[in-house]
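The values are calculated or read from the model by the stated rules, or taken from the named source; none is laboratory data. Since we're looking at a predicted model, the values are computed, not measured. Here the Cβ positions follow ideal geometry from the backbone for every residue, glycine too, while neighbour counts run over all protein chains shown.
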Amino acid sequence: MSASGVTFTNPILAGDRPDPAIIRVGDEYWMTYSSFEAAPGLLLYRSRDLVNWTYECAALPEPLGSTFAVDIAQHDGRFFIYIPFIPAPWSQLEAPSIFVIHADSMAGPWSEPIDLGVRWAIDPGHVVGEDGRRHLFVNGIRRIPLTDDGLATAGELEQVYDGWRYPDEWITEAYALEGPKLFRRGEWFYLVSAVGGTGGPPTGHMVIVARSRSVHGPWENSPHNPVARTTDAAQAWWSRGHATMLPGPDGDEWWMISHGYQNGYRTLGRQILLEPIGWTDDGWPVGLRDDIGGELEAPAGAAPQRGSRSFDDDFSVLRLGERWAFHAPSPGEASRLRVDDGLVLAAKGTGPGSTSPLALLTGDHSYEVEVDVELLDDGAEAGLLLFFNDRLFCGMAIDGERMLSYAGGHVTHWREPAPRTRLLQLRLRNDEHVVTGWYREPGGEWTRHAIRYETSGYHANTMADLLSLRPALYAAGTGAVRFRDFRYTPLS
């Protein structure tokens, strides 16, 4: 236990928040993560103790593509976020492309994305070399110089590091050298990378370290690699990787932020993890815990860890980013929304798979969600889902004529004897993957939906899509729908 008697348990930021990028600014830490096909994207969180995080703003209102692993940098009093955008059906991109946004403060406002012209690369990592020149490292591991202002490249990609090879008998997804994060300590530059693949077997992803006295190399692999790895599927956290190492609040302790899947709950996506780092006498970082489940000593001065909380949302304030985000939005998707005696959402597509639902991240094993649904126009369909992607979801909806029941990404044959109505209250309970639904007319008694669903397979390894299962609201067809009084209640 820490000197203050405070402990914490992982995750430090629950729910699907992969590829964390973190920076220290004075006495505070700022962090974001891959937002993929969500808008707003690049949600920024702030902390003073690495354990408790508060949402501040979204740096990317309109993503240009699927937003992959970023890096945050501070240089000459300005802040930069280097962003790989991946082509999506709704984007104009033809290849993975790295852009940059910049601001005078981490709280923004952030600039529009600037194209660096770097193609077929992801996972940028920014570093200032011993000569004061700026560089980006990318997956591979390759390096490209930047101009002094950090807003353009000044050369070509060059292969600079081939990684550390783990034994062939280790069970991984793929070698996949990626996620470079760089920092300087003393006379050494340290290159922290990930290998093994971020999905697949639980023992795949891992954290490796190399160092050099120059950003130009040569890079020497740590004799203690890997610094972190799930060695057994019985451990609490799987596929640990994509790490950043940095000093704690007291400046003496060192910590590592990474991501991983919780054992038995891949449905929640990759969540953000914190663990202590030690240093050997000859200057190598080493992990101090093989299994980071259970209670861990908190950083010096940390406040008690805040737990999950219930909330009600009457939609009098539209909390895009802080609470809700569109999945796979077209440009200008937010124009579908307006606040009018609740949340009015214009219909789009022909069903859950072809609309862009409003989704909510959650990290709870069990929870209940409830909302009032009112169809404002003929031809509209709307409902409450647990949504993974456009091919996999479950839940229920109304179209004014009947209740529609969805499972496995399809409308089912089941004809639920719900009333024919344009206004119905819906409730879903996810109890450790077992999903039960209820419905009622306002003021009436709740009726349980006759069919339950088991959703433990609604995850990335099933769908080859690095997302999570999220509560979601959707409106399809024509016209518009009003949602009122959304309630979220954690049950575990």
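Considering segment 403-436, and only residues there that are part of a loop (DSSP other than H, G, I, E, B) and among the basic types (K, R), the residue that is farthest from L268 (Cα to Cα) turns out to be R420. Considered as a group, the residues in segment 122-145 that are of a type outside the set (K, R) and free of Cβ contacts under 8 Å to residues at least 24 places away in the same chain include one that is farthest from P218 (Cα to Cα), and that residue is G132.
Only residues that are surrounded by 14 or more Cβ atoms within 10 Å (Cβ to Cβ) and free of Cβ contacts under 8 Å to residues at least 24 places away in the same chain were counted across segment 419-451, and they come to 5. Of all residues in segment 32-51, those being within 20 Å of A300 (Cβ to Cβ) and either at pLDDT below 95 or of a type in the set (S, T, N, Q) (or both) number 1. I need the full set of residues from segment 312-346 which are of a type in the set (A, V, I, L, M) and in contact (Cβ under 8 Å) with a residue 40 or more places away in the chain, in order please. If the condition is that a residue be of a type in the set (A, V, I, L, M) and in contact (Cβ under 8 Å) with a residue 40 or more places away in the chain, then L320, A325, A328, A334, L343, V344, L345, A346 are the ones that fit.
Filtering segment 82-90 for residues that are touching a residue at least 60 places away in the same chain (Cβ under 8 Å), outside any loop (DSSP other than H, G, I, E, B) and within 13 Å of W110 (Cβ to Cβ) leaves an empty set.
Here R143 does not fit the description of being modelled with pLDDT of 95 or more, assigned by TED's automatic domain parsing to the domain that holds W30 and surrounded by fewer than 18 Cβ atoms within 10 Å (Cβ to Cβ).
Condition (residue is aromatic (F, W, Y) and out of contact with any Pro (no Cβ under 8 Å at 6 or more places or on another chain)) applied to segment 389-411: is it met by at least one residue? No: zero hits. Return a yes/no flag: does segment 301-309 have any residue that is among the aliphatic types (A, V, I, L, M), surrounded by 15 or more Cβ atoms within 10 Å (Cβ to Cβ) and outside any loop (DSSP other than H, G, I, E, B). For segment 301-309, residues among the aliphatic types (A, V, I, L, M), surrounded by 15 or more Cβ atoms within 10 Å (Cβ to Cβ) and outside any loop (DSSP other than H, G, I, E, B): absent.
Residues of segment 155-169 include none that is buried (at least 19 other Cβ atoms within 10 Å of the Cβ), within 18 Å of L246 (Cα to Cα) and at pLDDT 95 or above.
To keep it simple, each residue is scored yes or no on (1) among the β-branched types (V, I, T); (2) buried (at least 22 other Cβ atoms within 10 Å of the Cβ); (3) more than 16 Å from W164 (Cα to Cα).
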{"residue": "L177", "(1), (2), (3)": "no, no, no"}
{"residue": "V192", "(1), (2), (3)": "yes, yes, no"}
{"residue": "A228", "(1), (2), (3)": "no, yes, no"}
{"residue": "S239", "(1), (2), (3)": "no, yes, yes"}
{"residue": "E253", "(1), (2), (3)": "no, no, yes"}
{"residue": "I257", "(1), (2), (3)": "yes, yes, yes"}
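On inspection, R134 fails the criterion of being closer than 25 Å to V286 by Cβ and at pLDDT 95 or above. Here is the figure for segment 454-481: residues that are outside any loop (DSSP other than H, G, I, E, B), surrounded by fewer than 22 Cβ atoms within 10 Å (Cβ to Cβ), more than 20 Å from the chain's Cα centre (by Cα) and not small (G, A, S) total 1. Does W164 satisfy the criteria of being part of a loop (DSSP other than H, G, I, E, B), aromatic (F, W, Y), under 30 Å from S47 (Cα atoms) and in contact with a strand residue (DSSP E or B) (Cβ under 9 Å, 6 or more places away or on another chain)? When the stated conditions are applied, W164 does not pass them.
Per the conditions (1) among the hydroxyl-bearing types (S, T, Y); (2) buried (at least 19 other Cβ atoms within 10 Å of the Cβ); (3) more than 20 Å from the chain's Cα centre (by Cα), the sole criterion not satisfied by S111 is (2).
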